[in-house]
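All remarks here apply to the structure that follows.
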Amino acid sequence: MGAYSIKDDVSTMSQSRSVRVAIIGSGPAGYTAAIYAARALLQPVLISGMQTGGQLTITTDVENYPGFADVIQGPWLMDQMRDQAAHVGTEFIDDVVVQADLQTRPFRLTLDSGEVIEAETVIIATGAQARWLGLPTEKTFQGFGVSACATCDGFFYRGKPVVVVGGGNTAVEEALFLTTFASKVTVVHRRNAFRAERILQERLFAHPKIEVIWDHEVDEVLGQTDPLGVTGVRIRHVDTGVATDVAADGVFIAIGHAPASELFRGQLDMTGSGYIHVKPGTASTDIEGVYAAGDVTDDVYRQAVTAAGMGCMAALEAARHLAQKDHHAAQAK
């Protein structure tokens, strides 16, 4: 999401309009919500955000999305979802929400362009972003050998050694993907066992290009400044403190994601790590008429298919809420 920017007095004259359903975010959750809301004739408006299509636009091979026997490409799948949402009547706004007021009715969403969307219901599908280690040297070499996306940057490490940091599904998947390009993949994990799915672990352990270093943390990213580039990592044993240098031309950080929920902090109930709480078995937040779907609320599964399912739930719940609202309004006449 874009950073909040305080508008000057001109903002009070910004264009505003009313919609029945506003969807924030454009990954599988957002697109699926748009499809269902449009089919319910609610004329949804979807605000794409900074990364149109979400995390799948930086994922190449997708082999676990139902309905496709062959491997498909993440960007292609997102294009198909967007086209379908447009076909059934979704309006797209390629902009960023910089302020959300969920305390008023209708809800007010201020876009970076200055436009204000007044929405009867809001579906939050803003997703999550990669976490970083927080090392000064990690930041120094971001884009120059340090990456959080193997599918984006793996191609640049053909025939070169790389390091993957992490122990969950993301780390194991990225390590396996990088074997297509790299000469060697070293996985550094601070524990003595992976949290990844068993089938992924079995593939990793069986791969001749992959070496795992257990019980170590990355202490520093090593590199050169002219030209700027990574030469390795310094890792430290979590118990003994003994440091070891591992040579590598690329370092891929795969330690999880942070939900893009800052815009709603203080307005919606969240976990300590920022995932939006929804009522069990629903996509409903603690504010009536506001729904959350996908990775912004899911810190367990984080799959395209579960995000799409939650997008469906959110749209159906929004449609039910609006139908009840319309019914009450009709009775009051």
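Counting only residues that are among the polar types (S, T, N, Q) and out of contact with any helix residue (DSSP H, G or I) (no Cβ under 8 Å at 6 or more places or on another chain), which one in region 165-189 is nearest to V238 (Cα to Cα)? Give the steps one after another, and end with the answer.
Going through region 165-189, the residues among the polar types (S, T, N, Q) turn out to be 169-170, 179-180, 183, 186.
Checking the rest, the ones that are also out of contact with any helix residue (DSSP H, G or I) (no Cβ under 8 Å at 6 or more places or on another chain) come to 170, 179, 183, 186.
Values: T170: 22, T179: 27, S183: 27, T186: 17 Å.
That would be T186.
For region 175-229, taking the residues that are among the small types (G, A, S) and within 23 Å of V242 (Cβ to Cβ), the one that is surrounded by the fewest Cβ atoms within 10 Å (Cβ to Cβ) is identified as A193.
With a cut-off of at least 1 residues that are within 24 Å of E118 (Cα to Cα) and small (G, A, S), name the strands (runs of 3 or more DSSP E) lying wholly within region 239-333.
On the way: elements: 243-247, 250-253, 257-259, 290-292.
Strands (runs of 3 or more DSSP E) meeting the threshold: 290-292.
Given the options A248, A193, A243, A182, name the one that is closer than 16 Å to T137 by Cβ, aliphatic (A, V, I, L, M), within 28 Å of the chain's Cα centre (by Cα) and in the same structural domain as V162 (by TED's automatic domain parsing).
Details: A193 fails: closer than 16 Å to T137 by Cβ; A243 fails: within 28 Å of the chain's Cα centre (by Cα); A182 fails: closer than 16 Å to T137 by Cβ.
The unique qualifying residue is A248.
Within region 141-163, being on the phi > 0 side of the Ramachandran plot and touching a Ser or Thr at 6+ places or on another chain (Cβ under 6 Å) holds for one residue alone: G159.
Of all the listed residues (A304, A293), the sole one being crowded, with 21+ Cβ neighbours inside 10 Å, at pLDDT below 95 and in the same structural domain as V122 (by TED's automatic domain parsing) is A304.
Against the conditions (1) touching a helix residue (DSSP H, G or I) at 6+ places or on another chain (Cβ under 7 Å); (2) within 21 Å of D249 (Cα to Cα), I123 satisfies every one except (2).
Output the residue which, of all residues in region 113-135 that are outside any strand (DSSP E or B) and under 21 Å from G294 (Cβ atoms), is nearest to the chain's Cα centre (by Cα).
Going residue by residue through region 113-135, those that are outside any strand (DSSP E or B) are 113-115, 125-127, 131-135.
If we keep only those that are under 21 Å from G294 (Cβ atoms) too, we end up with 125-127, 131.
On the way: A125: 9, T126: 7, G127: 4, R131: 11 Å.
Out of the qualifying residues, it is G127.
If a residue must be of a type in the set (K, R) and free of Cβ contacts under 8 Å to residues at least 60 places away in the same chain, how many such residues does region 11-57 contain? Summing the residues that are of a type in the set (K, R) and free of Cβ contacts under 8 Å to residues at least 60 places away in the same chain in region 11-57 gives 1.
Yes or no, residue by residue, for (1) surrounded by 18 or more Cβ atoms within 10 Å (Cβ to Cβ); (2) touching a Leu at 6+ places or on another chain (Cβ under 8 Å); (3) modelled with pLDDT of 95 or more:
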{"position": "A85", "(1), (2), (3)": "yes, yes, yes"}
{"position": "T104", "(1), (2), (3)": "no, no, yes"}
{"position": "T110", "(1), (2), (3)": "yes, no, yes"}
{"position": "A125", "(1), (2), (3)": "yes, no, yes"}
{"position": "A128", "(1), (2), (3)": "yes, no, no"}
{"position": "R131", "(1), (2), (3)": "no, no, no"}
{"position": "G143", "(1), (2), (3)": "no, no, no"}
{"position": "A148", "(1), (2), (3)": "yes, no, no"}
{"position": "R158", "(1), (2), (3)": "no, no, yes"}
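Screening region 149-220 for strands (runs of 3 or more DSSP E) wholly inside it with 1 or more residues that are of a type in the set (S, T, N, Q) and in contact (Cβ under 8 Å) with a residue 60 or more places away in the chain returns the ranges 184-188. What pairs come out if I take residues in region 69-87 that are in the same structural domain as L56 (by TED's automatic domain parsing) and pair them with residues that are modelled with pLDDT under 95 and surrounded by fewer than 12 Cβ atoms within 10 Å (Cβ to Cβ) whose C-beta lies under 8 Å away, six or more apart or interchain? Close Cβ pairs satisfying both conditions: V71/E63; I72/E63. Determine, yes or no, whether D299 is at pLDDT below 95, under 30 Å from L322 (Cβ atoms) and touching a strand residue (DSSP E or B) at 6+ places or on another chain (Cβ under 9 Å). Yes, satisfied.
Listed by position, the strands (runs of 3 or more DSSP E) inside region 35-112 whose residues that are more than 17 Å from the chain's Cα centre (by Cα) number at least 2 are 91-93, 97-101, 107-111. Per the conditions (1) out of contact with any strand residue (DSSP E or B) (no Cβ under 9 Å at 6 or more places or on another chain); (2) over 20 Å from T32 (Cβ atoms), the sole criterion not satisfied by S273 is (1).
The values are calculated or read from the model by the stated rules, or taken from the named source; none is laboratory data. Every value quoted in this text rests on a predicted model; they were computed, and no experiment measured them. Please note: Cβ atoms are built from the backbone with ideal geometry, for glycine as well, and neighbour counts cover all protein chains shown.
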